[in-house]
Structure formats: C-alpha cells, structure tokens
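Working notes, structure below.
The values are calculated or read from the model by the stated rules, or taken from the named source; none is laboratory data. Nothing here was measured: the structure is a model prediction, and the numbers come from that model. Counting neighbours? That spans all protein chains shown, and the Cβs are built from the backbone with ideal geometry, glycine included. When the accessible area is computed, the model is the full protein with side chains, heavy atoms only, and any ligands, DNA or RNA have been set aside. Shrake-Rupley method; radii C 1.70, N 1.55, O 1.52, S 1.80 Å.
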2 protein chains.
Amino acid sequence: MQVAANSTANPIGKYSFMKKKKTSLKDIAKEVGVSIATVSYVLSKGANSRVSVEMSEKIKKVAKELNYQPNQIAKSLKSGKTHTIGLIVADISNPFFAHIARIVEDEAAKLDYTVIFGSSDEKADKSWGLIKFLMNRQVDGFIIVPSEGSNDQIQYLEDHNKPYVLIDRRLPERESNYVVIDNHEVAYQAVKRLIDTGNERIGMIAYSNGLQHMRDRVSGYRMALQNHGISFDNSWLKAVNFDQVKEGVRAGIDDLLNGPKPIDAIFFATNTLAVEGLKYLDKLNVRVPDDISIVCFDQGDAFDFYYCPLTYVKQPLVTMSEEAVRILISQIDDPSLPKVQKSLQAELVIGKSCSGRLMADKN
Amino acid sequence: MQVAANSTANPIGKYSFMKKKKTSLKDIAKEVGVSIATVSYVLSKGANSRVSVEMSEKIKKVAKELNYQPNQIAKSLKSGKTHTIGLIVADISNPFFAHIARIVEDEAAKLDYTVIFGSSDEKADKSWGLIKFLMNRQVDGFIIVPSEGSNDQIQYLEDHNKPYVLIDRRLPERESNYVVIDNHEVAYQAVKRLIDTGNERIGMIAYSNGLQHMRDRVSGYRMALQNHGISFDNSWLKAVNFDQVKEGVRAGIDDLLNGPKPIDAIFFATNTLAVEGLKYLDKLNVRVPDDISIVCFDQGDAFDFYYCPLTYVKQPLVTMSEEAVRILISQIDDPSLPKVQKSLQAELVIGKSCSGRLMADKN
DNA sequence: AAGATATGCTTAATCGATTAATAATAAAAA
DNA sequence: TTTTTATTATTAATCGATTAAGCATATCTT
C-alpha cells in the first residue's frame with residue numbers, strides 16, 4: 001500500500017482550497033482498472049480499436065464522467081508540436097496590426113492553432129527577446145512583422161528549422177516566406193493620383209528605417225514623379241524616426257510648408273504618420289484639399305471622421321493575413337515545401353482629398 | 001553502443017533539411033561526460049552548487065557553446081506551471097481591447113509571463129471554446145472580458161482552481177477577482193453634464209445585453225435624469241444587439257430623432273456605438289453640438305478627427321490592465337490569497353459636444 | 001585508526017501523454 | 001491435436017526537464 005505516499009502527493013488533503021484536480025489518463029485507467037496505454041489507445045485513436053468494444057465504451061464513459069481533457073503540454077513534449085504559432089507585430093495596439101492579429105487568430109483557430117503574440121516596438125532587441133522566448137515555448141512557427149536589423153533573428157530561425165512567414169515587410173537579403181503588397185506599384189499609383197489631380201510639388205512623409213517596404217513606397221513615389229516629368233527635390237522627402245513620430249511629422253510638415261516654394265500635396269507612408277500629420281495640419285488650419293492634397297496609407301475608424309474623405313491605399317489585410325497563416329501551417333506540416341513569396345496588389349481608394357491647382361478630384 | 005538507435009532517433013541523417021536540433025541537457029551531459037542531473041543542478045541552481053567549481057564552469061561553458069535554451073514545455077510538464085496567461089477579450093481588433101491587450105502584454109512580460117489571447121466575439125460558446133483550449137494548454141491563469149452567459153465557464157475555472165481576473169466587466173452573481181470602473185458613477189456624471197449644459201430630452205444608446213457594466217451605465221443615466229427632475233421616457237433608451245450594431249444604432253437614432261418630440265442629446269454607452277452613431281448623424285446632416293449634444297464612452301484616434309471635440313468618458317486603461325495582471329499573478333503565486341475587487345474611477349473629459357438650448361458648453 | 005561529516009556526482013522517479021514491442025488468451029486452420 | 005493467426009491488453013521506453021535519495025571518496029574528529 002502506498003497510502004502515505006499518496007496522501008502526501010495528493011494536494012487535496014493538504015490544501016483545502018484545492019477542489020478538483022485535472023483528470024489524467026492515469027485516473028481513468030485506475031477507475032476502469034486497465035493500463036494507461038489502453039486508455040490512451042481508446043481516447044486518441046478513436047475507432048482504430050485494438051481494444052474491445054465493451055472496454056472501449058467503458059473507458060469513454062468514464063472519461064466523460066471525469067471530464068477528461070488531455071494535457072496538451074504532455075502531448076507537446078512527446079510530439080514536439082505545440083500547435084501554437086508566435087505572432088510578432090510592431091505594436092498590437094496599432095489598429096493596423098490589431099486587425100492583422102484578429103485575422104491571424106481566426107484563421108489559426110480554424111486550423112486548430114493557438115496564437116501567442118508579442119509587440120516588438122520596431123526594436124530588434126525586443127524582437128530577439130520575443131523570438132527566444134517563444135522558441136523556448138516551442139511554438140511551431142512564426143508570423144513576423146520584421147523590424148530593422150532583425151536579420152540575425154531570422155537566420156536563427158532558419159538555423160533551427162523553425163518555419164516562419166514574414167508579413168507586411170520582407171527582408172530582401174534572404175529568401176524567406178513572405179506575404180506583402182506591391183508597395184512600389186501602389187505608391188506609384190498614389191502619387192500618380194496626386195499628379196493627375198493637378199499637384200506638382202509633392203512631399204512624402206515616411207519612416208527613416210531601411211526596411212524594404214518603406215524603400216519601395218519611396219521608390220514608387222520617386223518613379224511617379226520622374227515618369228511625369230517632375231524632378232524630385234530632396235527636401236520633399238521627410239524621414240521620421242519611429243521613436244519620435246509626433247515631433248518628426250510636425251518638423252517635416254513645417255519644413256514642407258514653410259520653404260520658399262511650399263508643396264501642394266503630401267503622401268503619407270503609413271497610417272500612423274497620416275494620423276499625426278492630419279492632426280497637425282488641422283492645428284495649422286491647413287485645409288484638405290483646398291490648401292493641400294493628401295494621399296495616405298491604410299484606412300481606419302480614424303479617417304472615417306475626417307472632414308474630407310481621404311484618398312488612401314487599401315491593403316488586402318484579410319488575404320494577407322490568411323495567406324500567411326496558411327503558408328506557415330503548410331510548412332509546419334511539411335518543412336520540405338519550397339518557400340512561398342506573395343506580393344499582393346493593394347487598391348487605391350479614391351476620396352476627395354486630392355485636388356491641385358489644375359483640376360478638382362474627379363470623384 | 002547505441003549507434004544504430006541513435007542514428008535512427010537523430011533526424012539529421014534522415015532529413016537533410018534539418019540542420020540544427022535544439023540542444024538539451026542530455027547533449028551537454030554527453031559532451032561534458034557527466035549525468036544529466038549534474039548539468040541540471042548547475043544550470044538551474046546557479047551558485048547553490050553541490051557541484052565542484054571546475055565542473056560547474058565546464059558545464060556552463062559547454063552550455064553556452066551549444067547555445068542551450070531550456071525547453072519550457074518540459075519544465076512546464078514537471079512544474080505544472082507554464083508562465084503563460086490567457087487573455088480573452090471580445091475582439092482584439094477593437095482598439096479598446098487592443099489597447100488593453102498591449103498593456104497586459106507589457107506588464108506580463110515584466111513579470112516574465114507570456115500572453116495567449118483570443119476573441120470571444122461576445123459569444124458565450126466561443127468563450128467556452130477558448131477557455132477549454134487554453135486550459136488544456138495549461139495556462140496559469142486568465143484575464144477575461146466576460147460575455148453574457150459565461151457564468152458556467154467561470155464556475156469551471158473556479159472548480160479547477162484556475163486563477164482568473166475579470167476586466168472591464170464583472171459578474172455580480174459571483175465573487176470573483178475583478179477590475180472595472182465605477183460605471184454607474186461616471187455615467188451619472190456624463191448625463192449630468194448633458195443636463196447642466198441645457199439638455200432635457202436625453203437619449204441613450206446601449207447594448208442589449210444584461211451585463212452589469214451596461215446595467216450600471218444605464219442606471220447612472222436614469223438616476224441622473226431622476227435627480228434632476230427629468231422623468232425618464234422609455235423610448236429614450238435604445239438597446240442595440242451585438243450582432244447588428246450598424247443597423248441597431250441607425251434604427252435607434254432614427255427613432256430618437258423622428259418621434260413627436262425629438263431628443264436633444266445622446267449618450268453613447270461604448271466607443272463602437274459612438275463611432276457608428278456619429279457616422280450616421282453625419283450622414284443625416286445632424287450637427288454636433290448645434291443640432292444635438294453628445295457624450296460618449298472611451299476615446300480613440302477616431303474621435304480625434306471628429307469635427308467637434310467630444311465630451312467623453314476616459315477609462316483608466318493602463319491602471320486597469322496593469323492591476324489585472326498583478327492581481328492575477330499574485331494569485332497564481334499564492335492561490336490562497338483572498339479575492340480582489342477593484343472599481344476604479346473614470347474621468348469625464350470635457351469637450352465641446354454638449355450645448356443645449358439653455359446654455360453653451362462652459363469650456 | 002575508527003567513526004562521523006562533507007563533498008561531488010549518479011540513479012531513478014516523476015510530470016502526462018504516445019507507441020513499439022510483447023505477452024496472454026482465444027479462435028481458426030492444419 | 002498441434003500450429004497458426006487474431007484479438008486484446010500490458011510493459012516499457014520516450015519526450016526534456018527536476019529533484020529526492022543514494023553512493024563513493026575525501027576530509028575531519030577525537
């Protein structure tokens with residue numbers, strides 16, 4: 001008899017506040033009077049059945065009575081799979097990323113995966129911390145919005161054969177899975193719109209990082225100018241630091257507006273920049289589109305209340321996020337699959353925020 | 001020798017695409033030539049040291065060389081703790097909840113916890129699914145924005161001694177940990193503001209659920225009317241269903257505006273309702289505050305662009321979320337601690353959206 | 001020098017599952 | 001009747017850690 005040992009091991013006697021312990025295969029086995037293995041075969045294999053029908057029924061019955069729920073931690077340890085994916089975004093409280101997170105969550109849930117998330121704040125070291133943290137928790141794969149300088153982290157995943165999909169941004173220096181939009185093309189279209197509506201001196205407010213999506217948006221901007229015979233003025237492009245969005249945007253706008261030849265229009269490279277920028281323009285009493293034309297990236301409740309319907313780049317967030325999850329999980333299931341690279345097309349939604357000297361918005 | 005067994009177990013030979021395997025205590029033990037236990041003592045206990053200094057140094061050195069990262073899954077199985085908390089919100093893509101999520105994430109990270117999140121969509125069955133899912137993954141505790149009808153789920157946690165903290169909303173029928181705001185009081189203040197600024201016929205748009213926070217907001221509204229000698233008209237209170245926010249809000253506003261005696265003001269019970277409502281008022285060309293006075297709950301980028309600075313209820317999100325995490329983790333550490341119930345004070349931020357027939361906003 | 005205490009490391013059980021290998025029994029085939 | 005095959009359940013290893021208990025040596029006591 002092991003009564004003493006049992007009563008020590010069993011917390012119920014010791015701590016009165018412990019009511020129910022989770023039931024394990026062991027509990028069921030003891031109750032039914034069979035081995036743990038038999039119970040496992042019945043409950044995991046279902047009908048495969050090297051077990052007699054009566055025994056099988058009995059075990060299932062007891063399992064239900066004891067409200068058995070398998071311990072996923074134990075399963076994970078054995079299988080090496082956690083059915084969990086790590087999602088690293090820049091900031092979960094930014095609507096753009098929150099939206100992505102929601103879609104990822106739903107799509108993952110459909111495929112029976114859980115999501116663990118973390119915000120990198122655009123900082124490589126924070127991102128490193130998250131990746132290590134999640135690796136130790138044995139997530140099966142990652143969906144990552146990479147920050148600047150996160151190349152070695154990605155290499156780390158590569159070295160450890162951990163599947164991952166980059167989203168929103170890609171790292172051109174390596175061949176990864178990614179799902180992004182064609183930033184160059186849609187930026188081109190956005191700026192073309194500004195030109196078509198009669199603007200000639202077009203400023204851009206972007207982030208100062210060297211990430212490819214930002215480069216592409218800038219290159220689209222510059223090519224649009226060039227192809228339409230507008231020679232780019234270096235002072236038109238304002239690079240804002242992540243850490244000082246507000247100050248950066250304000251300084252940039254001040255510069256753009258107060259030069260000898262003020263600009264006609266501004267192209268904002270992200271929603272955050274646009275929100276700050278539009279707030280500041282409001283403060284300066286600069287009116288859209290009368291005093292200045294605007295095109296920005298992404299939508300959001302925020303813009304719904306803006307007095308002037310904005311012309312903006314609408315990203316296919318749903319497709320992007322769903323694709324990312326699907327690609328990731330397919331590669332978790334079969335790591336030998338080739339890398340997938342998707343560049344989706346974004347849409348320019350025409351509002352009323354562009355109208356230069358030459359003509360009004362044709363909407 | 002176990003060469004054959006080893007080469008079978010080791011995937012490197014089998015699948016060429018597998019490059020590095022995570023190093024385990026076993027690998028270090030083999031490399032150094034000691035038992036796994038010794039390695040474990042050195043790496044987990046640090047300086048406690050029943051192990052000689054030289055051996056200890058050697059083990060640490062090899063551990064670093066092999067880039068050892070402990071397997072948290074294995075640790076969890078042994079310890080019964082995952083250092084993970086489950087966060088269940090209504091919808092992570094709603095800025096209100098995304099904001100909470102971000103603060104929870106940061107606070108949890110400080111205390112060395114990971115966050116797994118899920119969106120319930122205000123549906124009890126979805127919430128049930130999430131709770132079971134996360135229970136099976138052995139999260140150490142929950143932070144929950146409870147949906148209507150989720151009482152049995154909470155009971156389930158209670159039965160299984162799983163610590164949890166309700167946030168934003170509480171369930172009055174049971175004694176749980178919770179962190180909420182004093183909804184009655186701040187709703188009272190909000191409506192009082194409408195009355196003080198000269199409004200008499202004051203409508204409210206709320207959700208149709210029976211959750212306590214909603215009841216409290218409604219009771220605050222009614223008491224404010226009553227205490228100021230305004231007799232409440234049943235048709236002033238519009239209850240909107242979660243599933244049909246847009247339609248509900250529009251129908252409600254139509255009713256409020258088109259009766260024989262149209263209302264002067266609307267009190268919106270949440271940010272989502274306010275966003276929909278204000279959009280619709282815009283569409284109807286009803287101007288704030290000239291045609292109608294408004295007070296709403298919560299802030300957000302959205303309202304920053306609204307043409308009229310809104311008077312709104314500002315919830316102490318940071319305190320609320322941080323408190324929730326702290327309470328939860330303290331109870332994970334010591335389940336015998338008494339339940340904690342916090343009702344924080346919210347602030348009414350005065351904008352320019354209230355001005356009735358009697359007087360203008362005194363701002 | 002005999003027994004007592006320290007020191008330093010190993011053995012083995014454990015967490016809760018999975019699963020290959022095997023044993024025991026019954027039924028079918030020779 | 002003996003051998004083969006099916007059926008049904010068990011044993012034991014495993015995943016990667018932790019940790020109580022045990023076993024050698026070495027060092028102190030007196």
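Checked against the criteria, B:Leu43 counts as at pLDDT below 95, farther than 24 Å from B:Thr272 by Cβ, surrounded by fewer than 20 Cβ atoms within 10 Å (Cβ to Cβ) and more than 16 Å from the chain's Cα centre (by Cα).
The set of residues in the stretch A:126-138 that are at the interface with chain B (Cβ under 8 Å from one of its Cβ atoms) and not charged (D, E, K, R) comprises A:Phe133, A:Leu134, A:Met135, A:Asn136, A:Gln138.
This table checks each residue for (1) in contact with a Cys (Cβ under 6 Å, 6 or more places away or on another chain); (2) not assigned by TED's automatic domain parsing to the domain that holds B:Ile329.
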position	(1), (2)
B:Ile100	no, no
B:Glu107	no, no
B:Ser120	no, no
B:Ser127	no, no
B:Leu130	no, no
B:Leu194	yes, yes
B:Ala206	no, yes
B:Asp216	no, yes
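Of note, A:Asn234 satisfies the criterion of being away from chain B (no Cβ under 14 Å), surrounded by fewer than 19 Cβ atoms within 10 Å (Cβ to Cβ) and more than 30 Å from A:Arg174 (Cβ to Cβ).
Residues that are in contact with a Leu (Cβ under 9 Å, 6 or more places away or on another chain) and in a helix (DSSP H, G or I) are absent from the stretch B:258-271 altogether.
Filtering the stretch A:103-142 to residues that are outside any loop (DSSP other than H, G, I, E, B), closer than 27 Å to A:Val240 by Cβ and either touching a helix residue (DSSP H, G or I) at 6+ places or on another chain (Cβ under 8 Å) or of a type in the set (A, V, I, L, M) (or both) leaves A:Phe117, A:Gly118, A:Ser119, A:Ala124, A:Ser127, A:Trp128, A:Leu130, A:Ile131.
Of the residues contained in the stretch B:82-98, one or more are found to be within 16 Å of DNA strand D (Cβ to nearest atom) and of a type in the set (S, T, N, Q). Of all residue pairs spaced 6 or more apart or on separate chains, none has beta-carbon atoms under 6 Å together with a first member in the stretch A:11-38 that is away from chain B (no Cβ under 14 Å) and on the phi < 0 side of the Ramachandran plot and a second member that is at pLDDT below 75 and open to solvent by 80 Å² or more (accessible area, probe 1.4 Å). Just to be sure, is B:Ala265 touching a Gly at 6+ places or on another chain (Cβ under 8 Å), more than 30 Å from B:Asp140 (Cβ to Cβ) and open to solvent by less than 10 Å² (accessible area, probe 1.4 Å)? So B:Ala265 fits the description; yes. In the stretch A:52-67, the residues that are open to solvent by 100 Å² or more (accessible area, probe 1.4 Å) form Cβ pairs under 6 Å with partners that are part of a helix (DSSP H, G or I), at six or more places apart or across chains, as follows: A:Lys58/A:Val32.
Scanning the stretch A:141-167 for residues that are open to solvent by 10 Å² or more (accessible area, probe 1.4 Å) and more than 18 Å from A:Pro338 (Cβ to Cβ) turns up A:Glu148, A:Gly149, A:Asn151, A:Asp152, A:Gln155, A:Tyr156, A:Asp159, A:His160. Checking each residue in the stretch B:92-125 for being of a type outside the set (A, V, I, L, M), closer than 19 Å to B:Leu171 by Cα and either within 7 Å of chain A (Cβ to nearest Cβ) or in contact (Cβ under 8 Å) with a residue 12 or more places away in the chain (or both) picks out B:Phe97, B:Ser119, B:Ser120, B:Asp121, B:Glu122, B:Lys123.
When the stretch B:64-79 is examined, which residues are found to be part of a loop (DSSP other than H, G, I, E, B) and near DNA strand D (Cβ under 6 Å from one of its atoms)? Within the stretch B:64-79, B:Pro70, B:Asn71 qualify.
Flag: A:Ser235 does not match the condition of being part of a helix (DSSP H, G or I), more than 30 Å from A:Leu111 (Cα to Cα), polar (S, T, N, Q) and at pLDDT 95 or above.
Where residues in the stretch B:50-79 are among the aliphatic types (A, V, I, L, M) and within 12 Å of DNA strand C (Cβ to nearest atom), which of them is farthest from B:Leu25 (Cα to Cα)? Filtering first and then ranking leaves B:Val53. Between B:Phe117, B:Phe97, which is buried (at least 19 other Cβ atoms within 10 Å of the Cβ) and at pLDDT below 95? The unique qualifying residue is B:Phe117.
Of the set (1) open to solvent by 40 Å² or more (accessible area, probe 1.4 Å); (2) of a type in the set (A, V, I, L, M); (3) assigned to a strand (DSSP E or B), all apply to B:Val180 but (1). Within the stretch B:284-295, identify whether any single residue is farther than 18 Å from A:Asp301 by Cα, away from chain A (no Cβ under 14 Å), open to solvent by 30 Å² or more (accessible area, probe 1.4 Å) and aliphatic (A, V, I, L, M), and answer yes or no. Within the stretch B:284-295, one or more residues are farther than 18 Å from A:Asp301 by Cα, away from chain A (no Cβ under 14 Å), open to solvent by 30 Å² or more (accessible area, probe 1.4 Å) and aliphatic (A, V, I, L, M). For the stretch A:188-210, the count of residues that are within 23 Å of the chain's Cα centre (by Cα), surrounded by fewer than 17 Cβ atoms within 10 Å (Cβ to Cβ) and not small (Gly, Ala, Ser) is zero.
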